[in-house]
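Engineer: I'd like to ask some things about the structure below.
Bear in mind these aren't lab numbers, they're just calculated from the coordinates by the rules spelled out. Note that the structure is a prediction, hence the values are computed from the model and not measured. All Cβ positions, even for glycine, are placed from backbone atoms using ideal geometry, and neighbour counts span all protein chains on display.
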Amino acid sequence: MSQHAVSFSAVEKTYRRPRLLGAVYFTGVKDLSFEIPAGEVTGLLGLNGAGKTTIMKLIGGLLFPTAGKVKVFGQSPQGGAAKARVGFLPELPYFPPQVKPGDALSYYGRLSGLSGADLDAAVESAMQRTGLEPHAGKRVSEFSKGMLQRLGLAQALLHSPDLLVLDEPVSGLDPLAIHDIRGLLAGLNADGRTIFLSSHSISEVEKLCARVLIMVRGRLARTVKRAEWEAAPGGLEAIFVEAVR
Amino acid sequence: MKKIFSLTGAVAFNSFMESVRNRFFTLFAVFAFAAIYASVLAGVMAVDQEARVLTDFGLALMELVALAYALFSASSVLLREAETKTIYLVFSRPVPRSAYLAGKLAGSLMTSALMLAVMGLMHLLLLKFRGFGVPPGYAWALSGSLLKLAVITSFAFFVSLFSTSAVSTLVISGVFWTAGHFVTETRFLAESSGGAVAAALKAAIWIIPNLQLFNARDAAGASCALGPAAFFSAAAWVAGSYLAAVWLISGKEF
């Protein structure tokens, strides 16, 4: 097994937007190299348009790099073997409003290759872990934003992935929901899972992560370890502001 | 292979259930009921040809209603799943894009089949209410409509993967549907004209399916109106559109 859950090597991603005559190109990320050690919680910080979501999608196999190599547990993120080990949570996930959480999770569990008793057990465990059990009888249309985010996390946990890729997992949540999700992520990491999360909330990243990558205009500006920001006056926020200015 | 079938089945069943839960579907059912009821009124005006008018009018309306739903659904489903990011939750899993597409297509066809079955039942009840039995070749007429829907739905899925909006997919598929009912006339025109026009018309015949092949309802009274050519043609067009769509989606980023 690779000791790196994820590795980026000289990765570039250029987007093409078709226009009436020709197309325009713009760079999502450029010359990007980093590793995410297995078993660690790594955060990704950056301003809007810095390339955070591009990185998340490259790991999830939803985008293809224009240049360079992305590896997930030593394999291509497009392959089934890598995807089977990844749990992906996009920002503000959508679920059909008419369904109950158990039905939505059963569907995604089947897509992850689960069936029969294993599927039932996985759905039950994911609902229990994310605190959705008391709401099992409700429809998604009755869910608050926090509960939807829990459901998003539950679908990412169904197949017990080794790596969780979470795009803005606490975006728009109330303080209690943030506290609960932080506790959940800390528990998952204690179980040995690698977590890679992006966020606009420096304080959240500071509390959860062992290492933080700071992106500026598509490039990796800095990699900061917990010991560094704990020793720095002003903490991670000061380091971040200095990097992005 | 078993895993691929299982994944395709999961996507198909989910797609079918989403359609059935959708209020849009309910609205169409209400519309279909009202439209078929209107056909009874038209039938009364047909005097001694009432049974024939009722049958033809009802079958045509059912096909158009199912077509409208199938086209709206096929042209918007992939765009909607990309916009709502639902597709991220699917493609970040070990789900081959070919299986996902096959599941979506199968789900859409299951929905069309259900719509035709429900509307057919309502139509037959109305016929019975007017004192008529089941028209000969009725099941074949419905089967022909379903084959047509399979052809146009798979084509709409293919178009939706390169068109810029659901509306453009609807327009292109609608033109395809209409042109498919005039292949015989197109062939006649190709034979009776010359030069570039004839060449263009001959090319059109190759890229447009002959949907008249599936019009069993035009041959009411025939005990087996759909020949093997209809099934072979439908299978070939569905397979062709599906494979072209798989080729497009395999290189698509989300």
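Engineer: As a test of the definition: which semi-axes, in Å, follow for the range A:1-110 when you take the square root of five times each eigenvalue of its alpha carbon gyration tensor? Largest first, please.
Structural biologist: Sorted largest first and rounded, they come to 26, 22, 14 Å.
Engineer: Which FRET efficiency value, to the nearest 0.05, is calculated for B:VAL44 and B:HIS181 with the Förster distance at 30 angstrom and r the Cβ-Cβ distance?
Structural biologist: It comes to 0.60.
Engineer: What ranking do A:ARG193, B:ARG130 get, fewest neighbouring Cβ atoms within 10 angstrom at the top?
Structural biologist: Ascending Cβ contact count within 10 Å gives the list B:ARG130, A:ARG193.
Engineer: Taking the Cα centre as origin and putting +1 on Lys and Arg beta-carbons and -1 on Asp and Glu beta-carbons, what dipole magnitude results for the protein assembly as shown, to the nearest 20 debye?
Structural biologist: That gives the protein assembly as shown a dipole magnitude of about 680 debye.
Engineer: Can I ask one more? Neighbour counts of other C-beta atoms within 10 Å: give me B:TRP237, B:TRP206 arranged from fewest to most.
Structural biologist: B:TRP206, B:TRP237
Engineer: Set Lys and Arg Cβ to +1 and Asp and Glu Cβ to -1, take the dipole of chain B about its Cα centre, and tell me which of B:SER98, B:ALA198, B:ALA179 lies farthest positive.
Structural biologist: B:SER98
Engineer: Turning to a different aspect of this structure: Extending each Cα 7 Å along its Cβ direction at B:SER168 and B:SER6, get the distance between those two points in nm, one decimal.
Structural biologist: Modelled inter-label distance: 4.0 nm.
Engineer: Continuing with this model, one more query. If you count, for every residue in A:54-63, the Cβ atoms of partner chains within 10 Å of its Cβ, what is the mean?
Structural biologist: Other-chain Cβ atoms within 10 Å of each residue's Cβ, averaged: 3.
Engineer: Among bridges DSSP assigns within chain A, what percent are antiparallel (round to 5)?
Structural biologist: Restricted to chain A, the bridges split so that about 55 percent are antiparallel.
Engineer: Let me ask you something else. For the residues A:ARG150, B:ARG21, what sequence is obtained by ranking on other C-beta atoms within 10 Å, fewest first?
Structural biologist: Least crowded to most crowded, the residues run B:ARG21, A:ARG150.
Engineer: Hey, can you grab everything whose amide H is under 5 Å from the amide H of A:GLY28? Only 5+ residues off in sequence or another chain; H modelled, so Pro and N-termini drop out.
Structural biologist: Sorted by chain and number, the residues that satisfy this are A:LYS13, A:THR14, A:TYR15.
Engineer: Which residue, chosen from A:PHE196, B:THR26, B:ALA141, occupies the Cα position most advanced towards the positive end of the dipole of the protein assembly as shown, where the dipole is computed from +1 (Lys, Arg) and -1 (Asp, Glu) charges on Cβ about the Cα centre?
Structural biologist: Value computed over the given set: A:PHE196.
Engineer: Related question: Among A:LEU58, A:PRO175, A:GLY137, whose Cα sits farthest toward the positive end of the charge dipole of chain A (+1 at Cβ of Lys/Arg, -1 at Cβ of Asp/Glu, about the Cα centre)?
Structural biologist: Farthest towards the positive pole: A:LEU58.
Engineer: Taking the mean number of other Cβ atoms within 10 Å as a proxy for protection, how do you rank A:57-69, A:178-190 from highest to lowest?
Structural biologist: By packing density, highest mean first, the sequence is A:57-69, A:178-190.
Engineer: Moving on to the next point. Whole-Hz ³J(HN,Hα) for each residue in the range A:29-44, computed from phi via Karplus 6.51 cos²θ - 1.76 cosθ + 1.60 with θ = phi - 60°, x for glycine and proline: what do you get?
Structural biologist: Taking θ as phi minus 60°, the curve returns 9, 9, 6, 9, 9, 6, 10, 10, x, 5, x, 10, 9, 10, x, 10 Hz for the range A:29-44.
Engineer: Run a plain Debye calculation on the range A:33-88 (Cα atoms as equal point scatterers, no solvent) and give log10 I(q)/I(0) at q = 0.14, 0.27 Å⁻¹, rounded to two decimals, same order as the q list.
Structural biologist: For the range A:33-88, the Cα-only Debye profile gives -0.39, -1.34.
Engineer: Membrane-span-like helices in chain A: DSSP H runs reaching 30 Å or more (Cα, own axis), mean Kyte hydropathy at least -0.5? Don't skip to the end; give the middle numbers.
Structural biologist: On the way: long enough: none.
In chain A, no H run is both long and hydrophobic enough.
Engineer: Taking the Cα centre of chain B as origin and charging only Cβ (+1 Lys, Arg; -1 Asp, Glu), how large is the dipole, in debye to the nearest 20?
Structural biologist: Computed charge dipole of chain B: roughly 760 debye.
Engineer: Show me, for the range B:161-178, the HN-Hα J-couplings you get by feeding each phi into the Karplus relation (A = 6.51, B = -1.76, C = 1.60, θ = phi - 60°), rounded to Hz, glycine and proline as x.
Structural biologist: For the range B:161-178, the Karplus-derived couplings read 7, 10, 7, 8, 8, 5, 5, 5, 5, 4, 5, 4, 5, x, 5, 4, 4, 5 Hz, x marking Gly and Pro.
Engineer: What residues have an amide H closer than 5 Å to that of A:MET215, excluding those fewer than 5 places away on the same chain, when H is modeled at 1.01 Å from N in the peptide plane?
Structural biologist: A:LEU45, A:GLY46, A:ALA221
Engineer: A further question on this structure: To the nearest µm²/s, what D does Stokes-Einstein give for the protein assembly as shown at 37 °C and 0.692 mPa s, using the Kirkwood radius over alpha carbon pairs as Rh?
Structural biologist: Answer from the Stokes-Einstein relation: 128 µm²/s.
Engineer: A follow-up question, please. Return the Cα extents of the range B:1-122 along principal axes one, two and three, sorted largest first, each rounded to a whole Å.
Structural biologist: Extents along the principal axes: 61, 30, 18 Å.
Engineer: Using only Cα atoms, find the angle between the long axis of helix B:97-129 and the longest principal axis of chain B, and express it within 0 to 90 degrees, rounded to the nearest 10.
Structural biologist: Between the helix axis and the principal axis of chain B, the angle is about 20 degrees.
Engineer: How would you rank B:72-81, B:159-168, highest first, on the average number of other Cβ atoms within 10 Å across their residues?
Structural biologist: Numbers: B:72-81: 20.8, B:159-168: 16.0.
My ranking of the peptides, most packed first, is B:72-81, B:159-168.
Engineer: For the range B:2-250, what Kirkwood radius comes out of the mean inverse Cα-Cα distance, in Å? If you can, show how the numbers build up before the last one.
Structural biologist: On the way: mean 1/r = 0.0517 Å⁻¹.
Kirkwood hydrodynamic radius for the range B:2-250: 19.3 Å.
Engineer: For the range A:96-160, take N as its residue count and report Rg(C-alpha) divided by 2.2 N^0.38 Å.
Structural biologist: Ratio of Rg to 2.2 N^0.38 Å for the range A:96-160: 0.99.
Engineer: Once you charge only the Cβ atoms, +1 for Lys and Arg and -1 for Asp and Glu, what is the size of the charge dipole of chain A about its Cα centre, to the nearest 20 debye?
Structural biologist: 940 debye
Engineer: Using a cut-off of 13 Å between beta-carbons, work out the net charge of the residues near B:LEU89 (Lys and Arg +1, Asp and Glu -1, B:LEU89 not included).
Structural biologist: +2
Engineer: Which whole-number value in Å³ per residue fits the convex hull of the alpha carbons of the range B:44-90?
Structural biologist: It is 73 Å³ per residue.
Engineer: Now a separate question. Let me know the mean shielding of B:82-90 by other chains, meaning the per-residue number of their Cβ atoms within 10 Å of its Cβ.
Structural biologist: 6
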